[in-house]
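Engineer: Here it is, the structure, as structure tokens.
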Amino acid sequence: MAKCGSEVIPLPPSLKVVRDEHQEVTLLTQARQWIQKDDREPGVHASDLLDLRLAYWRNIKPTEPSEREVWLWLVGRVLHHFVLNIAGGTRNHTDTDTGAHEEFGILYSPDNFKDGMPIELKTTRAFFEPDEDKIVEDFHHYLEQLCIYMVLSNALTGFRWMLFINLRDAAHKTWPEPRCYRVELTQDQFETLEQHISATRDLFLTAQKDRNHKILEPCRAWKCGSDRCVFWGDCKPEGRWPEPRKKWTS
Ligand code: SF4
């Protein structure tokens, strides 16, 4: 009889286990190809309006996604596919959103629709969900994206789904758990956003036509820096560039 805690299959004492970095490189190449196979249609995309300068530079100087971006996007896409498949019935095995739509000359692809209202899913590694009075502040970036989709879909209501993959409970254990938020705009708020989105689209098009990124607002500060943005040296964002020199003590 096996003792509690003993192995069922005894492994050879000198079993050789060696990391195979060659396979990892091959896997990275294949993952990068998979991520890049759905080339973006040319035009203004809803996501471009969130960080205008990044979108500007990505159009002017396309770059390969970094290794870190490849794995982050891959994991996000896989989770997207399975969660949305459960929620929306049969989807093509490679689908991770509803495909391209266009309104006001802006391309957009919400993850799903419920009776014409957009649903957008995001996975997050955050350990805690925000308090109710801090949801807008903490999820600002994600809510901006949803509001653009709501305006482009002509819907006063939309849904922001957050899949917490490491939500921490009172016993400090972490579990995956979803949170689904209903987001509502008044007619006035909708119209104000609509005007702002149209004006931002025009500004973005002008910047690209004139090859002048300076008329665009710098991106969110946490995306910016020599170690965070590959366009740092091209963009030289006002008020942030160059970074202060590190002070060394000897
Ligand atoms: S350097 Fe900063 S402002 Fe410029 S594109 Fe990168 S993140 Fe945006």
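Engineer: In percent, what relative contact order does the range 43-217 have, based on Cα pairs under 8 Å that are 6 or more apart in sequence?
Structural biologist: The value is 22 percent.
Engineer: Right, something else. Output the peptides 53-60, 22-29, 206-213 sorted from most to least packed, where packing is the average of other Cβ atoms within 10 Å over each peptide's residues.
Structural biologist: So the peptides 53-60, 22-29, 206-213, ranked by packing, come out 53-60, 206-213, 22-29.
Engineer: Roughly what % of DSSP beta bridges within the chain run antiparallel, to the nearest 5? Don't skip to the end; give the middle numbers.
Structural biologist: Details: 16 of 24 bridges.
Looking only at bridges with both residues in the chain, the antiparallel portion is about 65 percent.
Engineer: Between rounded, prolate and oblate, where does the range 43-217 land on the alpha carbon gyration tensor, with a ≥ b ≥ c its root eigenvalues, rounded for a/c under 1.5, else prolate if a/b exceeds b/c?
Structural biologist: Verdict is prolate for the range 43-217.
Engineer: Let me ask you something else. For the range 35-136, what relative contact order do you get, as a whole percent, if you take Cα pairs closer than 8 Å and at least 6 residues apart?
Structural biologist: The value is 24 percent.
Engineer: Cα centroid distance between the range 198-224 and the range 158-195, in Å?
Structural biologist: After rounding, the separation between the Cα centres reads 27 Å.
Engineer: Using only Cα atoms, tell me the angle between helix 67-88 and the longest principal axis of the chain; keep it within 0 to 90° and round to the nearest 10.
Structural biologist: 90
Engineer: Calculated from DSSP H runs of 4 or more alone, at -39500 (n - 2.57) each and per residue, what is the 222 nm mean residue ellipticity of the chain, nearest 500?
Structural biologist: It comes out at -11500 deg cm²/dmol, rounded to the nearest 500.
Engineer: Checking the table Lys114/Lys236; Lys173/Lys223; Lys114/Lys134; Lys61/Lys173; Lys114/Lys209 against a 32 Å threshold on Cα-Cα, which pairs fail?
Structural biologist: From the list (Lys114/Lys236; Lys173/Lys223; Lys114/Lys134; Lys61/Lys173; Lys114/Lys209), the Cα-Cα distance tops 32 Å for Lys114/Lys236; Lys61/Lys173; Lys114/Lys209.
Every read-out reported here was derived from the displayed coordinates using simple, explicitly stated rules and does not represent laboratory data. Worth saying up front: this structure is predicted, and the values here are computed from it rather than measured. Cβ coordinates were reconstructed from backbone atoms using ideal geometry, including for glycine residues, and neighbour counts include every protein chain displayed.
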